[in-house]
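So the structure is just underneath, and the comments pick up after that.
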C-alpha cells in the first residue's frame, strides 16, 4: 500500500524534477528571470520618463492655443498605444528600430515595453498632477518660482505620492506583460520555460514553474511597494 | 509702490473688474472690503498676476508687471502673498516650507535660510514645530507659518487674501495679531478681509469694492462712521 502512495508522489514530483534539475535547467529559469527583471526595470524607468514628460506637457499646454500641436502629438501617441495590441506594437517597434539582428535583447525589450508603458504612466501621472490642489501652484508661483520650478519642487512630489499605488500596479502589469517578449526573440523567463519544455518533451511543467516564479516576484514586489508607500506617507499623519 | 490703471478682468462675458485705478504707497496698509463676488479678491490676485487682467495696467515700482520684458517671477519674489486656505506644502516640513523658495531661488544658502527660518519661527513662538508637517498644525498655526513663509523672501509688500476666513473663530486672533505686528514694523500691506475691527485699527485707508469698481474709500474713521455710498451703508449695517 505504502509503495502505491510513494509512486503517486514520485509520479507527481518527477516531471518537476526533470524540468528543473538535470543539465542545470534551473539556471535557464534564473537567466530568464534575470532578463525579465532587467527588461521590466528599465522599461518602467523609460515609461516613467516618457509618462512624466507627456503628463507635464499635457497639463501645461492644456489652455495655451500656441502649443496645441504638442498636445495633439501626445494624444495621438496615447491613443495609438492604448488602442492597439501590445504584441503588435512589439513587432512593429522591433522591426522599425532594431533591424540589426545582434542588438542587445535587454535594450530591445526595455525600449519596446517602455514606449508602451509610457502611455499608461502618462495618464496615471496626469491624474496625479490634477489631483494636487490648485492653491499649491499659486503658492509656489507667488513665492517667485517659475512654472517648471513649481512643478518640480511642489506639484510633482505630491502628484507622485498620490499615484504611487497606481504606478506600482503598472509595474506589476508590466512584469507580467513582458512574458510576450519572446515574439521579438528575447529569452525571458517565459521563453526559457518554453525552451525547456521543447527539449524535455513536457510542455506543461516548465510553464507551471515559470508561473510560480512570476507569482513570487509579484508578491514580493507588492510587499515592497507597500513598505515604500508607508515611508512616503509621512506628513499625512 | 503698486499702481493699477483702469484694471479690467472678464471671465468670458462676465466682467468682474470694471476699471479700477488705485495707488498703493510704500508703507501703506490698505484694507479692501466688499460683498462676496464683488471682485475684491480678483483685484488682489491681479496685483501679482495670479489673475491676468483683460485690460489695464499694473505697475510695481514703475514697471508694468504684465510686460513680457519684465520678469514676473522676480517681481513676485518681492510681492508676498497669503492665501485664505494657507496653501502650505504638505509634503515638506514647516522649516522646508519656509526655506524652499529662498534656497531654490538662490537668494540664501541652506544654512542662512535655516537660520532665518528658526528666527522667524521663534518670533511666532513655533520653533518647536520646525520638523513637523503642516497636517500636524492647527489652522491658526498654519496661517502664521504661511505668513512667515512669505516673509522669508524679504518681500516689499504683502498681499492677504481673506487670511482669516477659513479659520475657527478662536484662531483668528493670533493671525490678526501677527499681521498687526507686521503693520507696526512698516510693512506695506494690502488686505482683503471681513475683519472690520482689523480694518479700523490697522488700515491707513479702507476701500469698498462692489460690482467691480471701488465705490468708496476713506480713512477708517470716516469710512466706518460716515459712509456716503448707499451700497456701503447697507453693507456696513449688515456686517457691523
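The values are calculated or read from the model by the stated rules, or taken from the named source; none is laboratory data. None of the values given here were measured: they were computed from a predicted structure. Ideal geometry is used to build each Cβ from the backbone, glycine not excepted, and the neighbour counts take in all protein chains shown.
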Could you tell me how many of the residues in region B:81-107 are more than 10 Å from every other protein chain (Cβ to nearest Cβ), surrounded by fewer than 22 Cβ atoms within 10 Å (Cβ to Cβ) and touching a residue at least 24 places away in the same chain (Cβ under 8 Å)? 1
Pull out all pairs, ordered by first then second residue, where Cβ-Cβ is under 6 Å, the residues are six or more apart or on different chains, the first lies in region B:179-192 and is closer than 15 Å to residue B:152 by Cα, and the second is at pLDDT 95 or above. B:187/B:158
Is it the case that region B:188-198 has a residue that's surrounded by fewer than 20 Cβ atoms within 10 Å (Cβ to Cβ), modelled with pLDDT under 95 and in a loop (DSSP other than H, G, I, E, B)? yes
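Kindly check whether there is at least one residue in region A:156-164 that is more than 14 Å from chain B (Cβ to nearest Cβ) and either crowded, with 17+ Cβ neighbours inside 10 Å or touching a residue at least 60 places away in the same chain (Cβ under 8 Å) (or both). Reasoning before the result, please.
Filtering region A:156-164 for residues more than 14 Å from chain B (Cβ to nearest Cβ) gives none.
Looking for residues that are more than 14 Å from chain B (Cβ to nearest Cβ) and either crowded, with 17+ Cβ neighbours inside 10 Å or touching a residue at least 60 places away in the same chain (Cβ under 8 Å) (or both), one finds none in region A:156-164, hence no.
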Of all the residues that make up region A:26-45, how many are surrounded by fewer than 20 Cβ atoms within 10 Å (Cβ to Cβ) and closer than 26 Å to residue A:199 by Cα? 8
Run down B:61, B:29 and say which single residue is under 18 Å from residue B:190 (Cβ atoms), over 15 Å from the mean Cα position of the chain (by Cα) and either more than 14 Å from every other protein chain (Cβ to nearest Cβ) or surrounded by 14 or more Cβ atoms within 10 Å (Cβ to Cβ) (or both). B:61
Of the conditions (1) surrounded by fewer than 16 Cβ atoms within 10 Å (Cβ to Cβ); (2) touching a strand residue (DSSP E or B) at 6+ places or on another chain (Cβ under 8 Å), residue B:115 fails just one. Which one is it? (2)
Of those in region A:108-147 that are touching a residue at least 60 places away in the same chain (Cβ under 8 Å) and more than 19 Å from residue A:167 (Cβ to Cβ), the residue nearest to the other protein chains (Cβ to nearest Cβ) is A:147
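Among A:57, A:13, A:48, which is crowded, with 18+ Cβ neighbours inside 10 Å and assigned to a helix (DSSP H, G or I)?
Values: A:57 fails: crowded, with 18+ Cβ neighbours inside 10 Å; A:13 fails: crowded, with 18+ Cβ neighbours inside 10 Å.
Exactly one residue qualifies, and that residue is A:48.
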Scope region A:60-85; condition crowded, with 16+ Cβ neighbours inside 10 Å and in contact (Cβ under 8 Å) with a residue 12 or more places away in the chain; matching residues: A:60, A:71, A:74, A:77, A:78, A:81
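Only one residue in B:73, B:48 is modelled with pLDDT under 95, at the interface with chain A (Cβ under 8 Å from one of its Cβ atoms) and in contact with a helix residue (DSSP H, G or I) (Cβ under 6 Å, 6 or more places away or on another chain), so which one is that? Break it down into steps so the answer makes sense when it comes.
On the way: B:73 fails: in contact with a helix residue (DSSP H, G or I) (Cβ under 6 Å, 6 or more places away or on another chain).
On inspection, the qualifying residue turns out to be B:48.
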